Amino acid sequence: MKKFIIFLSLLVSLSVAEASFEVKEFNTPQQEQRYKKLTNEFRCVVCQNQNIADSNAALAKDLRKQVYNMIIAGKSDDAILEFMVARYGDFVLYRPQFNSTTFLLWVGPFIIFIIGLYMLVSFIRQRKKVVVTNLSSNDKEKLEQLLAEDKDKTK
């Protein structure tokens, strides 16, 4: 019975692995390279941290199929890119184009870095400021006495 359960679980895992494997046939090796490149550049809108090449989400499978069909139809990489951005927005790209809507996405980290650097420099400058106070003659005598005692202890 134990062997049967192991065999059954192996059979199920193999069928699941086979179901997630897609076979695409291309006319030329260049088409296959373009397909791999494009599917690695598009973000899965459902998964958000995976590209559509690695995602098993249903939407990612549909996007891979659309990219495949457009490549076979002879569309350029730019046409495929425009289609995906028009349909899913700039979020679908791992490296969005620089435009007015993605300005903060590209420039934001530099702005935050400059603000952080300014705050760090001002903090360091503020710590370096030494407050000089004038000592009274009585305080000077006490200080000299303490320094003399300290010299005697260290000898």
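Determine whether region 111-130 contains at least one residue that is more than 29 Å from N49 (Cβ to Cβ), outside any helix (DSSP H, G or I) and either β-branched (V, I, T) or outside the structural domain of K24 (by TED's automatic domain parsing) (or both).
Yes, region 111-130 has at least one match.
Anything in region 120-150 that is of a type in the set (V, I, T) and surrounded by fewer than 10 Cβ atoms within 10 Å (Cβ to Cβ)? List them, or say none.
Hits for region 120-150 are I124, V130, V131, V132, T133.
For region 95-110, which residues satisfy the criterion of being part of a helix (DSSP H, G or I) and either within 12 Å of L38 (Cα to Cα) or in contact (Cβ under 8 Å) with a residue 24 or more places away in the chain (or both)?
Correct list: empty.
Looking at region 35-61 only, could you name the residues that are under 21 Å from P96 (Cα atoms) and part of a helix (DSSP H, G or I)?
Y35, K36, K37, L38, T39, N40, E41, L59, A60
Based on what the data block shows, is A73 surrounded by 11 or more Cβ atoms within 10 Å (Cβ to Cβ), over 22 Å from the mean Cα position of the chain (by Cα) and closer than 26 Å to V23 by Cα?
Taking the combined requirement at face value, the residue does not satisfy it.
Limited to region 56-70, what total is found for residues that are surrounded by fewer than 12 Cβ atoms within 10 Å (Cβ to Cβ) and over 25 Å from the mean Cα position of the chain (by Cα)?
1
Can you name every residue in region 72-94 that is in a loop (DSSP other than H, G, I, E, B) and touching a helix residue (DSSP H, G or I) at 6+ places or on another chain (Cβ under 7 Å)?
Within region 72-94, just Y94 meets the criteria.
For region 1-34: of the residues being β-branched (V, I, T) and in a helix (DSSP H, G or I), which is modelled with the lowest pLDDT?
Here the answer is V16.
Which residue, of M70, M84, is modelled with pLDDT of 90 or more and closer than 30 Å to K24 by Cα?
That would be M70, the only listed residue that is modelled with pLDDT of 90 or more and closer than 30 Å to K24 by Cα.
If D54 passes every condition in (1) farther than 14 Å from K37 by Cα; (2) modelled with pLDDT under 90; (3) not small (G, A, S) but one, which one does it miss?
Unmet for D54, out of (1) farther than 14 Å from K37 by Cα; (2) modelled with pLDDT under 90; (3) not small (G, A, S): (1).
Would you mind telling me which numbered condition in (1) surrounded by 10 or more Cβ atoms within 10 Å (Cβ to Cβ); (2) at negative phi; (3) free of Cβ contacts under 8 Å to residues at least 24 places away in the same chain G89 fails?
(2)
The values are calculated or read from the model by the stated rules, or taken from the named source; none is laboratory data. Everything numeric here is computed off the predicted structure, so don't read it as measured data. Positions of Cβ are generated from backbone atoms using ideal geometry, with glycine treated the same way; all protein chains shown enter the neighbour counts.
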